[in-house]
Amino acid sequence: MKPILILLLTLCPLAAQTVLLEAEQFADLGGWDLDQQSMDTMGSPYMLAHGLGVPVRDAVTSVKLPRAGTWHLWARTRDWVAPWKAPGAPGRFQILVDGRPLATTFGTEGADWHWQDGGTVALGAEARLALHDLTGFEGRCDAVVLSADQGFVPPEVKEALATWRRTALGLPAQPDDGGSYDLVVVGGGLAGIAAAVSAARQGLRVALIGDRPVLGGNASREVRVGPAGRTNRPPWRHVGDIVKEIDANDAQRAAVVAAEPRITLLLEQHVNAVEARAGRVEAVIAQHIRSARRVRVRGRLFADCTGDGTVGYLAGADYEVNKESVMGSTNLWWPIDQSDPAQVLRCECKDKEALTVAVQQGQVAAPFPRCPWAIDLSDKPFPGRAGRVSQGSPSGLGSLGGWFWESGFNRDQATETEYIRDNNFRAMYGAWDALKNVDHLYPNHRLGWAAYIAGKRESRRLLGDVQVQADDFRTGKVYPDASFPCTWPIDVHTPSPDYNQGQQGTEFISVCTGGKDYTYEGAYWVPYRALYSRNIANLFMAGRDISVTHEALGAVRVMRTTGMMGEVVGRAAYLCVRHDTTPRGVYETQLEGLKGLLQQPGALRRTTLDDALTLPPGAKIQTFFGTGIDPASLPGIVVDDLQAELTGKWSGTGGLEGYVNDGYVFTSDATATARFRFDVPQSGTYEVRLAWRPHENRAKALPVTILTAEGERQATVDQTKAATAGRGFGSLGRFRFEAGRPAWVLLTAAGAQGMVHCDAVQVHAVK
């Protein structure tokens, strides 16, 4: 056990009569988890006994009191199933004082957070307190108050409670100075990390603020949603480089951020206030989720990567939010077979040591109590029961706890997070109760892990100069400021009609949209103007809070895609600082500069704002497949598809082996073109070759135009047949070029009679 620390009281008039013990500040948190995700509604982080039906280890602390005597004890808590008028109060816990339980059992009353009266207790000058979980079923405690004033009742009103807390904890009335930065990024998911890293590598001083102890957001070990979306699409194949660096795991993400000296990382800091004036954000104020100490962070530019649009909302940004038909939140979960030592070894159970001993002794039965307070599924279907599945998931245990166990379709995902998460818990426990105690299945299985941090899909959407529509994806609408690619379908979640009978308002299984109306051709490039606020002049956004409609959100919300948004924001922020402009000003006056930066590898850095981008020692340019032909191994001039000027809609990267460099692209868009520009070192005759990989669906008559010293020349290529000039190239002919004069090869999809393959052009001098 960790050493028990003494909570020293600040000497103030309040401290002589009343002592506030924040649960998150207990010296040893035991098996209780710290939950900060509802701070904006209930005013504080709290401790959660998330034991999955197994009581968690006590949270313990010691306190020195101003004097011995009789003290009145209060605990801020709630009966978390009371909103559903469910029986049983599963979140029961005791408070032990010097090892003895008080007569009151806490967590048994009240649908709302409140101070539950624990009665009086005789205490000496020092006392040892413990939160003693009785059930393992999500008991929760915000704080404990000891008062020598028998008439004192702690305040309940949110604003008064916040002021009283600061006084009781001896915290300053004004927040600490957190410094000033070029860019302040709020939100520690993939979007926020990518924005911070991208900006820092452009030479900006960046603050990255996250309210959890780890980076990664929905991709972190706390939530465990797998990142989706394809990166590194043409024409800007390096958009996604940074995402690939942070895609692996929490440790890798932390290492990437730590390697950037211009990033100041502020973890466990929850932004809950914004200072804004005249349509600009001047500072954000964050509260540390353990110490409650506040910090003020100033910035020239801000990026809202919170998912909930928190910074924009507090600053007065225009936004949209659905009141119903909302995509819900998921808390992933799964069981383990405790008769399997390998699964026990991997289990993250709170009672891991005891479980390991039991398995070693052959005690593998795993009974589970009845849960009358859970959603009653004793006679209802759900995925994983009697062969029931959802969205193509495996049957049986494989259908439990997947992405489609989702709640909150008619709830505010920003302000009702606790309610939505708790409904997910009630569904999980109800399903497991039915399988174990009604169906009498899985006698040796137990719940092994469940996320208590909600995996959100939709919340507030901040409005930019462009609000992207779902039909933009369907019709392939082209924007001049296309900035990041989307490859995920228009994936909108709604309650499943197979499972929502009798569950109206508490639905917990979703279906996703599918079919031709929800797909689109190739990668779709979303405009930069969806990444900044239309009425807060210095506010960017990246993540699921960007300027899209509810339906379009289905295509942009997956994490690799949101990470690429962050990469774009970081580069745009550099242009803002370098040219003394705003996010809107980048579109109006620096768009070509932004496009130029999007073509650059993500590993490049600037030493100062005025320096060129260079590759630091030990860093590597991101490659995409790594099995193609090295252009440097080919004689003459080689222009890869990465360097080609593409118009229209192109898809890639292709996978037919034998390509040049890192892959190729292809298109069936009749408006598409690809122009390969080159300069010959000296005037003369050169053979021009085109690389392609043959396939039966390829263009039978691809029109090719070559700009030579003697004017334009035409060629036609049958890409259904193999190239014959070697290394996958076919000859287009021999032509004269002059040094210093424009030269290019143009592929035109119109009239090509099939899929146009675009890989590389080789220009080789003829001796």
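The table that follows gives values for the structure above.
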{"item": "Members of LYS620/LYS721; LYS323/LYS436; LYS85/LYS380; LYS477/LYS516; LYS323/LYS649 lying beyond 29 Å, as alpha-carbon distances in this model show", "result": "LYS620/LYS721; LYS323/LYS436; LYS323/LYS649"}
{"item": "Stokes-Einstein D for the chain, Kirkwood Rh over Cα pairs, 25 °C, 0.890 mPa s (µm²/s)", "result": "85 µm²/s"}
{"item": "Sites ALA125 and ASP630 - FRET efficiency at Förster radius 60 Å, r taken between beta-carbons, to 0.05", "result": "0.20"}
{"item": "Cα coordinate range in region 184-321, projected on the principal axes (Å, largest first)", "result": "40, 35, 34"}
{"item": "Cα Rg, Dmax, region 638-718, angstrom units", "result": "13.6, 39"}
{"item": "C-alpha center-to-center spacing [region 496-534, region 256-272] in angstrom", "result": "32 Å"}
{"item": "Ordering of 530-542, 744-756 by packing [mean C-beta count within 10 Å, highest first]", "result": "530-542, 744-756"}
{"item": "Sorted peptide list for 712-720, 218-226, criterion being average Cβ within 10 angstrom, highest first", "result": "218-226, 712-720"}
{"item": "Environment charge of SER533, counting only residues whose C-beta is closer than 13 Å and scoring Lys/Arg +1, Asp/Glu -1", "result": "+1"}
{"item": "For region 506-566, diffusion coefficient by Stokes-Einstein and Kirkwood Rh (Cα), 37 °C, 0.692 mPa s, µm²/s", "result": "245 µm²/s"}
{"item": "Amide H contacts of TYR319 (H built 1.01 Å from N, under 5 Å, at least 5 apart or other chain)", "result": "LEU463"}
{"item": "Rh (Kirkwood; distinct C-alpha pairs) - region 314-422, Å", "result": "17.2 Å"}
{"item": "For the chain, share of DSSP beta bridges that run antiparallel, in % to the nearest 5", "result": "80 percent"}
{"item": "Label-point separation, LEU613 to ARG221 (7 Å along Cα→Cβ), nm", "result": "3.3 nm"}
{"item": "Residue-span extension gain [VAL478 to ARG388] - 0.36 nm each, minus C-alpha spacing", "result": "28.1 nm"}
{"item": "Full-extension gain in nm, THR705 to THR519, via 0.36 nm per residue minus C-alpha separation", "result": "63.6 nm"}
{"item": "³J(HN,Hα) computed for each position of region 456-468 - Karplus, 6.51 cos²θ - 1.76 cosθ + 1.60, integer Hz, glycine/proline x", "result": "7, 10, 8, 7, 5, 10, 6, 9, x, 5, 10, 10, 6"}
{"item": "THR671-ALA259 pseudo-label distance in nm [points 7 Å out on the Cα-to-Cβ vector]", "result": "4.0 nm"}
{"item": "Region 622-767: antiparallel DSSP beta bridges as a percent of all, rounded to 5", "result": "95 percent"}
{"item": "At R0 = 35 Å, FRET efficiency that the Cβ-Cβ distance of ASP176 and HIS550 yields, to 0.05", "result": "0.35"}
{"item": "Local net charge near ALA752, Cβ-Cβ under 13 Å (Lys/Arg +1, Asp/Glu -1)", "result": "0"}
{"item": "Pairwise label distance in nanometres, ASP149 with ALA278, each label 7 Å out on the Cα-Cβ vector", "result": "4.4 nm"}
{"item": "R0 of 60 Å, Cβ-Cβ distance THR589-ALA111: FRET efficiency to nearest 0.05", "result": "0.65"}
{"item": "Net lengthening on full extension, SER395/ASP98 (0.36 nm per residue, minus Cα-Cα)", "result": "101.9 nm"}
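FYI, it's all coordinate maths here, none of it is from the lab. Quantities reported herein were computed from a predicted structural model and do not represent experimental measurements. Using ideal geometry, Cβ is built from the backbone for each residue, glycine included, and neighbour counts are taken over all protein chains shown.
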